[in-house]
Amino acid sequence: MIRFGQDPASLAQAAEILRRGDLVAFPTETVYGLGADARNPDAVAKLFALKGRPQFNPLICHVADIDAAQKIGVLNDMALLLAAHFWPGPLTLVVPRQANCPVDLLACAGLPTIALRVPANPTAQALLVQCQFPVAAPSANMSGRISPTHPAHVTISFPDITVIDGGACAVGLESSIVGCFEDTLYWLRAGGIARCDIEAIIGRSLESPPSEREQLSKLAPGRLARHYAPTHQLVISDMSPQRDDALISFGGAETEHTGLHIDLSPTGDLTQAAARLYAALYEMDQALTSPQAKIIIRPLPEDGLGEAIMDRLRRAATPADQ
Ligand code: TXA
Ligand code: MG
């Protein structure tokens, strides 16, 4: 275990570790977060792999203040009202992604929305000011284990990760999550700020919970059968590509296709493949000229992050009429 203090030199070093694409656990007032540079697909993929998240659940992006939040998400009047009252503090707002948002798509699980949080903990604040980039951070525990409220808890899950020691967390419960879309505010997760305190500020009730259908189509389209789909037909197959088709392969095996081709990881590294997946689908979809052309992707091994990759690919490959 590498434990860092909260002095400026240690925090500058922690920011540097994040900037170079490695992970750092840091205190917030809710629970300890396992941070990664949210702009860096390799760092985000490393985070999913290390946590053992069975799916690419979207991550919360941590920033120092409202200005930084508005660079990556669109805060409407209601969102701004909540931010003015509760930030910095244990409230996460889910809002539409800003145009040209630099946050990697994998951090948002390919969704058009982004979860934003401005933590109040002074060490987290100082770290985010040092970074000057959004830090994606889930709770710093192995998937399925208890959220850590002390550096020693982090070390149980991640013995080799750098932890900034900020002592015990003041709130000890994850942030409350509110979704702000057009006219509607959704209560997405109960947490460190009580529902009634939020409703007192906005002067009306939070919608709770959004209907299954709405939730699926608007908030978590990732759970619909068909999603993350490129406009061209996506086929998961070992078939030979036609000249016009695009091929996405894995593990460096394919060399004969003369058309568009991306190998997600020539060395067969699933973490690297996860980091490159969404970008590869976008790139191929844009590069294909004929509307009939297909994107053919080779099945990947389903261990580790391969399970989440194949889950997303199966959804993307589901025909539109299903
Ligand atoms: O207090 C906290 O929020 C802690 C500290 C570290 O900040 N973080 C935390 O992260 O609890 P995590 O990954 O354990 O929970 C993130 C939650 C998940 O329930 C996820 O589904 C939701 O945020 N979420 C993130 N992005 C979302 C989005 N675009 N739409 C809906 N839900 C989203
Ligand atoms: Mg968690």
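Read the figures in this text as sums done on the coordinates, not as results from a lab. Computed from a predicted structure; not experimentally measured. In this analysis, Cβ positions are derived from the backbone assuming ideal geometry, glycine residues included, and neighbour counts consider all displayed protein chains.
Numbers for the structure displayed
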item: Relative contact order computed over the chain (Cα-Cα under 8 Å; 6+ residues apart), in percent; result: 21 percent
item: Paramagnetic reach from residue 16 in segment 140-160 [backbone N under 16 Å; point 7 Å along Cα→Cβ]; result: none
item: Computed E for residue 3/residue 289 - FRET, C-beta separation, R0 51 angstrom, nearest 0.05; result: 0.40
item: For the chain, with +1 on Lys and Arg beta carbons and -1 on Asp and Glu, the positive-most of 284, 112, 151 along the dipole; result: 151
item: Separation of the residue 55 and residue 303 label points, Cα + 7 Å toward Cβ, nm; result: 2.4 nm
item: Residue among 269, 183, 245 with the largest mean-square fluctuation in a Gaussian network model of the chain, springs linking Cα atoms under 10 Å; result: 183
item: Cα pair count fraction exceeding 14 Å, expressed as % - segment 31-78; result: 59 percent
item: Where GluC sites (Glu not before Pro) in DSSP loops with at most 11 other Cβ within 10 Å are excluded, longest remaining stretch of the chain; result: 1-181
item: All aspartates and glutamates inside 18 Å of residue 71 as judged from Cα atoms, apart from same-chain residues fewer than 8 positions distant; result: 37, 104
item: Computed [θ] at 222 nm, deg cm²/dmol, the chain (DSSP H ≥ 4; -39,500 (n - 2.57); rounded to nearest 500); result: -9000 deg cm²/dmol
item: Cubic angstrom per residue, convex hull over Cα atoms of segment 60-175; result: 112 Å³
item: Label point distance in nm, residue 67-residue 202, each placed 7 Å from Cα along Cα→Cβ; result: 2.7 nm
item: Global geometry of segment 1-85, whether rounded, prolate or oblate, following the gyration tensor of its Cα atoms and the 1.5 cut on a/c; result: oblate
item: Cβ-based charge dipole, segment 1-128, positive-most Cα from 44, 56, 78; result: 56
item: Cα-based shape type of segment 232-309, given that a ≥ b ≥ c are square roots of the gyration tensor eigenvalues and the cut on a/c is 1.5; result: prolate
item: Mean shadow area of the chain over all directions, Cα convex hull, nm²; result: 16.7 nm²
